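Below is one structure, written out as structure tokens; comments come after it.
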Amino acid sequence: MLAYVLTRYGGADAMELQDVPKPIAGPGEVLVRVFAAGLNPVDYKQREGAVRVITRPRLPLVAGSELAGIVEAVGPGVTRFATGDRVFARVDKTLLGAFAEHAAVHEDLVALMPRSLSYIEAASLPLAGLTALQALRDELKVKPGTKLFISGGAGGVGTLAIQLAKYFGAEVTTTASPRGEELVRRLGADAVIDYTKENLAEVLSGFDAALDLVGGETLDQTFKILKPGSKVVSIAGMPEPQTALKDLAAPAWMTALFWAISLGIRSRAREANVRYRYLFMHPSGEDLKFLARLVSEGKLQPVVDSSYPLEKIGDAFAALEQGRAKGKIVVTMDTRGWAHAAGFPGRA
């Protein structure tokens with residue numbers, strides 16, 4: 001089968017299209033014929049070796065973090081899925097494998113995709129959707145009346161976070177460029193700050209919680225707009241001890257490392273009298289079922305910036321790394337149009 005393989009750590013040439021053996025569904029796994037796969041910043045960070053301290057997979061391996069397709073076979077012990085099911089998944093973080101024509105994925109990480117979505121739309125949802133859901137629901141405890149700030153609302157996570165926050169009843173303020181303002185307002189943002197012109201700390205204040213998707217100076221400004229004692233969750237700042245303990249179940253040395261590298265950002269948070277948390281989302285088929293239900297009820301809609309055939313995945317990564325996409329970038333593996341079609345026969 002054709003797959004995009006991480007051969008070593010480095011730049012764009014460290015990943016290449018190769019003909020590799022088709023996987024076999026092992027115990028508890030389903031073999032998915034992949035029609036589409038989403039691209040995420042973590043994919044090129046893995047290529048660069050930026051997350052080697054957290055996951056050090058054996059190379060070469062097929063890259064890719066999320067997919068949508070149809071179940072082609074089931075392994076021993078599988079009880080939740082059958083051949084022909086339309087599914088989507090955030091694959092195992094250490095095994096990867098989404099950028100290929102077939103992938104074997106444990107059934108615990110898989111969910112039936114909504115009938116209303118194309119494979120392209122469904123493939124854009126797992127990683128960003130799980131990140132937004134777990135940050136807002138589990139970490140920030142967003143509820144009706146929460147005054148919430150989300151930085152970078154027009155990106156892959158941001159477009160879903162805005163919708164989920166509104167579903168939970170929050171009042172949402174976000175940042176966007178003039179080009180992204182119409183999109184984030186359409187998704188439900190109550191107020192939009194033009195980050196190209198305005199300093200957050202000068203125009204905002206009194207927020208109950210914040211989701212940081214940008215990091216850097218924006219994160220430092222975010223500390224200053226929160227109420228004393230409130231919390232910011234980031235996916236763009238620096239991992240801290242709770243990341244190692246809660247998200248990674250990591251050894252003591254990693255907890256100590258994260259304590260050291262996050263000392264500065266945690267100090268700035270304490271100075272502002274706010275709590276700082278860096279989140280690594282965890283794959284979850286159950287959480288994907290929740291997201292699928294919201295999609296089916298018309299309360300959540302993936303936002304796709306563009307799609308590329310697998311043969312042009314290098315161009316897709318170049319577009320991703322420019323950082324200008326509004327929503328997600330997706331690659332397609334099929335040649336018959338299935339990736340674009342909604343309502344393909346199967347359960348939903």
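All of the numbers you see were taken from the coordinates with simple rules; none came from a lab. Keep in mind that what you see is a predicted model, and the values were worked out from it rather than measured. Positions of Cβ are backbone-derived with ideal geometry, glycine not excepted, and every protein chain shown enters the neighbour counts.
Determine the sum of side-chain charges near residue 49: Lys and Arg each +1, Asp and Glu each -1, restricted to other residues whose C-beta is under 10 angstrom from that of residue 49.
Summing Lys/Arg as +1 and Asp/Glu as -1 gives +4.
Starting from the Cα coordinates of the range 222-348, work out the convex hull volume and express it per residue in Å³.
Here the figure is 187 Å³ per residue.
Return the aspartates and glutamates within reach of residue 328: Cα separation strictly under 17 angstrom, same-chain partners fewer than 8 residues apart disregarded; answer none if there are no such residues.
43, 66, 121, 181, 182, 305, 315
In degrees, nearest 10, range 0 to 90: what is the angle between the Cα axis of helix 285-296 and the longest Cα principal axis of the chain?
The angle comes out at about 80 degrees.
Per residue and in Å³, how big is the convex hull formed by the alpha-carbon atoms of the range 122-204?
Cα-based convex hull of the range 122-204, divided per residue, equals 88 Å³.
Taking every pair of Cα atoms in the range 197-280, average 1/r, invert it to obtain the Kirkwood radius, and report Rg/Rh to two decimals.
1.00
Using a Debye calculation, one point per C-alpha and no hydration shell, please list log10 I(q)/I(0) for the range 34-193 at q = 0.08, 0.09, 0.14 Å⁻¹ in order.
Results for the range 34-193 at q = 0.08, 0.09, 0.14 Å⁻¹ read -0.28, -0.35, -0.80.
Return one number: the angle in degrees, 0 to 90 and rounded to the nearest 10, between the long axis of the Cα atoms of helix 252-261 and the longest principal axis of the Cα atoms of the chain.
So the helix axis and the longest Cα principal axis differ by about 50 degrees.
How large is the convex hull of the Cα atoms of the range 132-267 per residue, expressed in Å³ as a whole number?
So the per-residue Cα hull volume is 100 Å³.
Provide the net charge surrounding residue 189, with neighbours chosen by a C-beta distance below 9 Å and charges set as Lys +1, Arg +1, Asp -1, Glu -1.
Combined, the nearby Lys, Arg, Asp and Glu give +1.
Could you give log10 I(q)/I(0) at q = 0.09, 0.13 Å⁻¹ for the range 2-125, computed by the Debye formula over C-alpha point scatterers of equal weight, without solvent?
For the range 2-125, the Cα-only Debye profile gives -0.23, -0.48.
How tilted is helix 313-322 with respect to the longest principal axis of the chain? Cα atoms for both, answer in degrees (0 to 90, nearest 10).
Orientation of helix 313-322: about 0 degrees from the principal axis.
Nearest 500 deg cm²/dmol is fine: what mean residue ellipticity at 222 nm does the chain get from its DSSP H runs of n ≥ 4 alone, each adding -39,500 (n - 2.57), divided by its residue count?
The helix-only estimate for the chain comes to -8000 deg cm²/dmol at 222 nm.
Inverting the mean 1/r over all pairs of different Cα atoms, compute the Kirkwood radius of the range 20-92 and quote it in Å.
Result for the range 20-92, one decimal place: 13.7 Å.
Using Cα springs under 10 Å in a Gaussian network model of the chain, which residue among 21, 309, 178 shows the largest mean-square fluctuation?
With Cα springs under 10 Å in the chain, the top fluctuation among 21, 309, 178 is at 21.
Against the empirical 2.2 N^0.38 Å scaling, what ratio does the C-alpha Rg of the chain come to?
Its radius of gyration relative to the 2.2 N^0.38 Å reference: 0.97.
Can you tally the net charge around residue 142? Count Lys and Arg as +1, Asp and Glu as -1, for every other residue whose Cβ sits under 12 Å from the Cβ of residue 142.
Computed value for this residue: +2.
By DSSP, what percent of the beta bridges with both residues in the chain are antiparallel, rounded to the nearest 5?
That works out to approximately 55 percent antiparallel.
Can you pick out the pairs among 224/299; 45/299; 299/326 whose Cα atoms lie more than 21 Å from each other?
Those over the limit are 224/299; 45/299.
I want to verify a result. In a Gaussian network model of the chain, Cα cutoff 10 Å, which of these has the top mean-square fluctuation: 30, 304, 51?
Maximum among the listed residues: 51.
What aspartates and glutamates sit close enough to residue 289 to cross-link, taking a C-alpha to C-alpha distance under 12 Å and skipping anything fewer than 8 places away on the same chain?
Excluding near neighbours in sequence, the set is 108.
In nm, give the distance between the simple-model label positions of residue 205 and residue 217, each being 7 Å from the Cα along the Cα-to-Cβ direction.
With each label point 7 Å from Cα toward Cβ, the separation is 2.2 nm.
For the chain, what is the relative contact order in percent, using Cα pairs closer than 8 Å and at least 6 residues apart in sequence?
Relative contact order here is 20 percent.
Among 68, 161, 325, whose mean-square fluctuation peaks in a Gaussian network model of the chain (Cα, cutoff 10 Å)?
325
If the range 102-151 were replaced by its equivalent ellipsoid, with semi-axes equal to the square roots of 5 times the Cα gyration tensor eigenvalues, what would those be, largest first, whole Å?
Taking √(5λ) for each eigenvalue gives 27, 14, 10 Å, largest first.
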